[in-house]
1. Going by the structure shown, is Ala214 free of Cβ contacts under 8 Å to residues at least 60 places away in the same chain and touching a strand residue (DSSP E or B) at 6+ places or on another chain (Cβ under 6 Å)?
2. Could you tell me whether the range 705-725 includes any residue that is closer than 18 Å to Lys276 by Cα, in a helix (DSSP H, G or I) and open to solvent by less than 70 Å² (accessible area, probe 1.4 Å)?
3. Please identify the pairs in which a residue from the range 142-154 that is in contact (Cβ under 8 Å) with a residue 12 or more places away in the chain and open to solvent by 40 Å² or more (accessible area, probe 1.4 Å) has its Cβ atom under 8 Å from the Cβ atom of a residue that is among the hydroxyl-bearing types (Ser, Thr, Tyr) and not in a loop (DSSP other than H, G, I, E, B), counting only partners at least 6 apart or on another chain.
4. If you scan the range 80-113, which residues turn out to be surrounded by fewer than 17 Cβ atoms within 10 Å (Cβ to Cβ), in contact (Cβ under 8 Å) with a residue 60 or more places away in the chain and more than 29 Å from the chain's Cα centre (by Cα)?
5. Please specify each residue of the range 346-385 satisfying the condition of being of a type outside the set (A, V, I, L, M) and within 16 Å of ligand 1 (Cβ to nearest atom).
6. Considering only residues that are open to solvent by less than 10 Å² (accessible area, probe 1.4 Å) and of a type in the set (Val, Ile, Thr), look in the range 256-280 and name the one that is farthest from the chain's Cα centre (by Cα).
7. Looking at the range 204-245 only, could you name the residues that are within 13 Å of ligand 2 (Cβ to nearest atom), small (Gly, Ala, Ser) and crowded, with 24+ Cβ neighbours inside 10 Å?
8. For Val44, state whether it is buried (at least 22 other Cβ atoms within 10 Å of the Cβ) and under 30 Å from Thr674 (Cα atoms).
Amino acid sequence: MKHIPETMPEQDFIQYREAAHLSGKTRYIPDMELYRGTLNGFAVSSPHAKARLLNLDVSLARTSPGVEAVLTAQDIPGPNTMAPVIDDEPCLLPVGGTCGYLGQVVCIIAADTMENAKKASSLIEWQWEILDPVLSVEESLEKKDFLFDPLRLKRGNPERVMKNAPYRKKGSLDAGGQEHYYFETQAAYAVPLHQGGLLIRSSTQNPTDNQRFAASLLGLKASDVEVQVGCLGGGFGGKQAQATWPVAWSALLACKTKKPVLFILERDQDFRLTGKRHPFKVNWEVGFDHQGHILALEISMAYDCGWCNDVSIAVLHHCIFHLDGAYYIPHMDALLYGCRTNKPSNTAFRGFGVPQAISVIESVITQIAHTLGKDPAIVRWKNYYGIRKNNLTPCNMLVEHNILRAAHRQIVNKSDYFGLRKKINAFNKKHDSVKQGLAMVPGKFGISFNESFFNQAGALINIYRDGSVLIHHPGTEMGQGLHDKMRTVVHRELGVSTEFIRVADTSTSIIPNTTSTAASTGTDFSGSALKDACDKLKKRLNPIALKMMGLEKGKVIWENNLVFCKESGKSVPFKELAFHSYMTLESLSEKGFYKRENIGFNLESMTGRPYWYYVMGSSVAHVELNLLTGRFRILDMWILHDCGVPVDEGIDLGQIHGAFMQGLGWCTMEKLITNKNGRLETDSLDNYKIPGIYELPEHFHIEFFRGNPEPHNIHNTRAIGEPPLIYALSVWLALQDARGTTLPIPATGEELIKPLYHEE
Ligand code: MTE
Ligand code: MOS
């Protein structure tokens, strides 16, 4: 961000991604230049939440004006599946199959215009046997209708300890889902290549999965399909698994018609078809002592996964490993159910099960405090993970570089937490209909894919003979600033100014077998792989540089567009080194690779090391709630966040703002409503409220926690993309504090206006 010139030439959007996003110059799939003869793709969905497809006749639709292809399950050359983890998700619903939700795609149409494709869809003839849908987790729990075996994480002897605990408290919580509302809906553009195979431009976080399924559905090999990604208009997890859909559909239609096919989901369709953040219901019981120490915790949590797996099992794993929050819990028993319902398949969403987990454990802490008449901040302090003892998580992972108590102390001082508490008490005594509230939420968020094999990345650096540098890495740019951060990493390693470094679009042909840009690991993985490539380049080019300086040996430093040797005071410009290396037959291209080994856990015992490191921090929210209108203001919001040494403070700050606001939407305003037929009624911004500028805290104090570099990561940084989302839960808890009642998620205006005497 620091390197952006004040005036930006028109064509510079590739160089300065963040500036391009802000000025609206970034081009997404719908903004692309299209090949002549490009067709438009349209998906035809099941009108029922649960029904058997008895027969299907598309012959009339095929004759409709402008239509070039109508494809059904029968027309898929390869196996009819695009399930990322467990094989339970067909690409198109076959005749005889039962649809899992209202919206499941039955056939796809390619026509000269979108209008003609839609017109043709009305000519499709089908018959359904309508079945009763399951729309609540209660019902699937009763029927034991789970997508996979329940997960259990148990430590110690919670039954015995619970029985003997001086205090016991039970609670429950009902939390809703969340629509990703990426500004660019799911989209892909498939182009048949003259030499065979396909080139697909996709709005995806996961190009390799796109490639994998496009190839397998078409009966091709992965090497026949290239997936390229420019920049996503947001992903937020929603384009980890489900971006495969338009890729698969456009690829099938392009192969059939031998023409390029553009497939863009319209907003309401995207809303209805794609999965959301997982809603859940939880019951818990905690045993504690008179000081508020948690002695035992039992949790039973039912996750609404929707009709098929998608990545649900991974979301539940990430959740179960975070139910401890920032706290040492000696005896614990957590049971998680992945419930099947006839709704869209819920999927990855920023936080990936962690916000859900934190909402539970922070409710538990708050309730302990209320029972004992203590301030919740004091109960938090009592229970934090220790540095030398009480530092093993329930899955047996060691909590290292623990700054929880240091962050707590700092944020208490910064916010004058206890002084504010007194002022709020005085205010609330004076006011009947307006109440203020205060709450703290600490953060501890594990970084890595729990699944070991995902923890790898490749990279490629090309230096050209003019001294310019092109970098390729496996990550996708979705507005989180990854490409700009990668330029900074290479700039620091090679000493080349950022204006000479360009980041290429992501491509499966250049970096193969990529892992999804997810779990906030983009900077860690791509950055480390790029550093490896830089190290190798420097090792090869150092002797050439020394020779050019007329030296036999010496320590070579790459800085300020120069390669120099301090002891001798000699240097060569990077540009000249590049040219000379080329002229003397030295390769200027280098691959890099990075892997994180020994991450993972035992599926039976649920123990191991699911994360490389933890990201920590803390937050405090001060709110004012009008009990008569249900409206609230965030008077002050403090966030103290440790991302080690930020690669780019401007970008990281932006991520904290964005994650917090998105979390605020989930816990206070975004409410999804499904009617009794399984139709999502909230399918536009007319009836679904996402946070806007007016919802910003009136005073937003964000600071980086300094002095805790991450020793085992690229440039001592820590991941930033998802963790700050959980700080929004402090607003949710502050609203409960103001009302003196518990609240569901989202705590919408309707919840906040409920008369107080209706509560227990
Ligand atoms: N920020 C923007 N602007 N847009 C996004 O889609 N996705 C989030 C986060 N920040 C997202 C974002 C999610 S869910 C993740 S996992 C990370 O970015 C992924 O990118 P990273 O690994 O480079 O942090
Ligand atoms: Mo993020 S939910 O891991 O894409």
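1. Yes, satisfied.
2. Yes, the range 705-725 contains a residue that is closer than 18 Å to Lys276 by Cα, in a helix (DSSP H, G or I) and open to solvent by less than 70 Å² (accessible area, probe 1.4 Å).
3. Phe146/Ser140; Phe146/Tyr337; Pro150/Tyr337
4. Scanning the range 80-113 gives Asp112, Thr113.
5. Asn346, Thr347, Phe349, Arg350, Gly351, Phe352, Gly353, Pro355, Gln356
6. Val261
7. Passing the criteria: Gly235, Gly237, Gly238, Ala241, Ala243.
8. yes
The values are calculated or read from the model by the stated rules, or taken from the named source; none is laboratory data. Source: prediction; values computed, not measured. Here Cβ is always computed from backbone atoms with ideal geometry, including for glycine, and neighbour counts include all displayed protein chains. All accessible areas refer to the heavy atoms of the entire protein, side chains included, with ligands and DNA or RNA removed. Shrake-Rupley method; radii C 1.70, N 1.55, O 1.52, S 1.80 Å.
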